[in-house]
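The structure under discussion appears below in the form of structure tokens.
The values are calculated or read from the model by the stated rules, or taken from the named source; none is laboratory data. The model shown is predicted, which means the values in this text are computed figures rather than measured ones. Backbone-built Cβ (ideal geometry, glycine too); neighbour counts: all protein chains shown.
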Amino acid sequence: MKEKNNKEKQIKKEEFVATTLHGLEEVLAEELDSLGAENISLGSRAVYFEGDKAVLYKANLYCRTAIKILKPIVEFECPDEEALYEEIGITNWEKYMSVDDTFAIDGVTFSSAINHSKYVALKTKDAICDQFRSKYDKRPSVDTVNPDLRLHVRISKDVCTVSINSSGESLHKRGYRPKGEMEAPISEVLAAGLILLSGWDKRTPFIDPMCGSGTFLVEAALMAKNVPPGIFRKQFAFERWRDFDEQLWKDIVDESYTKRHHRLNTLILGSDINPEAVAMAKESLDNAKLGHEVKVDCIPFDQFIPPTGGGTVFFNPPYGERLQESDVNVLYESIGNRLKAKFPGYTAWMITSNPEAAKHIGLHPSKKITVFNGALECRFMKFDLYEGSRKIKKRNIETPE
Ligand SMILES: C[S@@+](CC[C@H](N)C(=O)[O-])C[C@H]1O[C@@H](n2cnc3c(N)ncnc32)[C@H](O)[C@@H]1O
């Protein structure tokens, strides 16, 4: 084999990248910091950090806003497909897998020279297989569903970074969502990220009156109970790595049980106008072992009566793709009217891709954050619902008695 000239040795084993959604980088960095990660820095939809094996395992188990945790193993200049094949071919793959292991490759490219992600994956696979074949006269097999090793190959600005994916399937797949069709469920990672961005204190009431399949409810309750979001997953990819430390992983999981609150001491309520959504939300909560602790009712929002004393109310309403414009405006107007009439002392947060409809709420957002729900650019808006008008509240603050 040709002498290695890429930077495989220079990338320390303990450098990692956690990928996330646009706008959630800072909350993810805070999560990683709380787990003991070091040298944390922000990228675009990514957070770079360093840590030992325990940090890696904890990041997978505990991070609510990570999509996957990657371990970069090699980086090289990649102006064209020949460079990709050659550099992959001189990386020592036996360090990471044997000829009898299975593997899978996710390719991502922002390069004009190699502009198909599938081609990146194909070329990488060929180079790895050719390396094993030249030595053993046989090659490892590809298994896209349950591989021993899952690689992530990313080309950007003529630089290729090859990483091992320590998570496997995306971490948004917590394992509590029921199978079946639901109207536009929000990603678990986005739901958790929005709750963290809102600064909800995990103690005061949390309400989702258009809860759909219950994603906000489950994520909020898991946070309030200090239950790690990854606890329902069957497996993480790092459990199949050659250097997997089974005892360390067991200790980390066991410790998470000691840190959780056995009872939910926070009022979390959900409702939806659609009985099928209510049934699905209940199933999600049951799957997350929260069914007896979070109440979900079938009721239209304009009849919802919240507990007095204030709290946080979250909305991911229909954005209007399937509604007439006039209907969606009426819906948003009725949300605003109900908030003004029945939610004094509450803080409302809404995510929507429909800024025109949002104007019909009739309240001024005190904060607006840009996020993406899938491909849809959205605003995540905060509305402070004071007792009485905003003007009176301001005057009281300015001229205290
Ligand atoms: C975009 S979905 C919410 C998805 C949810 N966040 C999830 O993760 O599954 C919007 C929900 O609002 C509900 N909805 C629409 N109009 C409503 C109303 N007037 N009162 C209560 N719920 C309503 C729909 O039934 C639907 O479940």
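When F110 is tested against (1) modelled with pLDDT under 95; (2) crowded, with 17+ Cβ neighbours inside 10 Å, exactly one condition is not met: (2).
Condition check ((1) outside the structural domain of K250 (by TED's automatic domain parsing); (2) under 23 Å from H116 (Cα atoms); (3) in a helix (DSSP H, G or I); (4) small (G, A, S)) across all residues:
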| site | (1), (2), (3), (4) |
| --- | --- |
| I40 | yes, no, no, no |
| A66 | yes, no, no, yes |
| I73 | yes, yes, no, no |
| F76 | yes, yes, no, no |
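Tell me, which residue of the range 271-322 that is near the ligand (Cβ under 10 Å from one of its atoms), within 27 Å of the chain's Cα centre (by Cα) and among the aliphatic types (A, V, I, L, M) is surrounded by the fewest Cβ atoms within 10 Å (Cβ to Cβ)? Among those residues, the one meeting the criterion is I273. For the range 249-261, the tally of residues that are in contact with a helix residue (DSSP H, G or I) (Cβ under 8 Å, 6 or more places away or on another chain) and either within 16 Å of the ligand (Cβ to nearest atom) or without any contact (Cβ under 8 Å) to a residue 60 or more places away in the chain (or both) stands at 2. Candidates are the residues of the range 40-73 that are among the basic types (K, R) and within 21 Å of W249 (Cα to Cα); the one that is nearest to the chain's Cα centre (by Cα) is R64.
Look at L194 and say whether it is in contact (Cβ under 8 Å) with a residue 24 or more places away in the chain, surrounded by 19 or more Cβ atoms within 10 Å (Cβ to Cβ) and closer than 19 Å to L70 by Cβ. Answer is no for this residue.
How about the range 326-345: which of its residues are farther than 10 Å from D302 by Cβ and within 12 Å of the ligand (Cβ to nearest atom)? Working first, answer last.
Of the range 326-345, the ones farther than 10 Å from D302 by Cβ are 326-330, 332-333, 336, 339-340, 343-345.
Scanning the range 326-345 gives D327, V328, V330, Y332, E333.
Checking the stated criteria, F103 turns out not to satisfy the condition of being part of a strand (DSSP E or B) and farther than 26 Å from F236 by Cβ. Taking the criterion of being surrounded by 15 or more Cβ atoms within 10 Å (Cβ to Cβ) and in contact with a Lys or Arg (Cβ under 7 Å, 6 or more places away or on another chain), the residues of the range 327-357 that qualify are T347, W349, T352. Of all residues in the range 181-224, those satisfying the criterion of being away from the ligand (no atom under 11 Å from the Cβ) and either β-branched (V, I, T) or on the phi > 0 side of the Ramachandran plot (or both) are V189, I195, G199, K202, T204, I207.
In this structure, K68 qualifies as surrounded by 21 or more Cβ atoms within 10 Å (Cβ to Cβ) and at pLDDT 95 or above.
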